[in-house]
């Protein structure tokens, strides 16, 4: 969500369109970004998601009052409707930015182009690269005023960092450099059994120094989900008159 805000470059007082309210989480990020002078219009086609988003948003505002003197702005309007067919509701509205989190965002992206300001950004969240390709192909064939400025993948990788311990649970106090000793200790830490010879080696590694050796490795349980973010910018080239006989 923070990456999407960075792509859209939202400022205080901006008017932002969101399509795909979901749980209302992104709505809260947008609400804080535009501030009390801004406004967010959030469309959601599913009635259950629309209800959940509204409830979560109001619950957050109520909880915010408990420990803050400044009230969270009531600047999000939730609409239970398909944004792709909401031309009448969007009439006469110009948005500084658009955020799309939908299964098929290309229809919405093309539909809201007339309502996006010149130079405005439409940031699209997608779960897989196939959806990215489908989005870009739809924009290309529709000849809309959107062009793709960037495509990024957002990932998070968890790590484990801990002192090396012996089989009995004691922490090694110090480990002198001795070949690939760090790798050996890592293997022993992960192994369920230690031989008598290995236990003797452990005693050699204990000294009076206070700093224990550490092992750092990626966590075994990693999130397989990533986010593909597509940054589309509206650009209408200036009208140019063709010279007589010029077919280019």
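Summary of values
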{"item": "Virtual spin-label span in nm between residue 32 and residue 236, 7 Å along Cα→Cβ", "result": "3.5 nm"}
{"item": "Average Cα contact separation per residue, segment 1-51, under 8 Å, 6 or more apart, as relative contact order %", "result": "42 percent"}
{"item": "Taking only Cα atoms of segment 1-101, radius of gyration then Dmax in Å", "result": "13.1, 41"}
{"item": "Length released on extending from residue 2 to residue 71, taking residue separation times 0.36 nm less the Cα-Cα span", "result": "22.6 nm"}
{"item": "Gained length - residue 224 relative to residue 23, 0.36 nm times residue gap less alpha-carbon distance", "result": "70.3 nm"}
{"item": "Burial order of peptide ranges 84-91, 111-118 (average beta-carbon count within 10 Å, highest first)", "result": "111-118, 84-91"}
{"item": "Cα gyration tensor, segment 21-161 - rounded (a/c under 1.5), prolate or oblate", "result": "oblate"}
{"item": "Segment 33-74: C-alpha gyration tensor shape, a/c 1.5 cut-off, then a/b vs b/c", "result": "oblate"}
{"item": "Residues residue 153 and residue 82, FRET efficiency given R0 of 30 Å [Cβ-Cβ distance, rounded to 0.05]", "result": "0.60"}
{"item": "Cβ-derived FRET efficiency at R0 45 Å, residue 165 paired with residue 143, nearest 0.05", "result": "0.10"}
{"item": "Tail beyond 17 Å, pair distance distribution of segment 69-128 (Cα, percent)", "result": "47 percent"}
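Coordinate-derived values only; no laboratory data. Computed from a predicted model, the values in this text were never measured in an experiment. Counting neighbours? That spans all protein chains shown, and the Cβs are built from the backbone with ideal geometry, glycine included.
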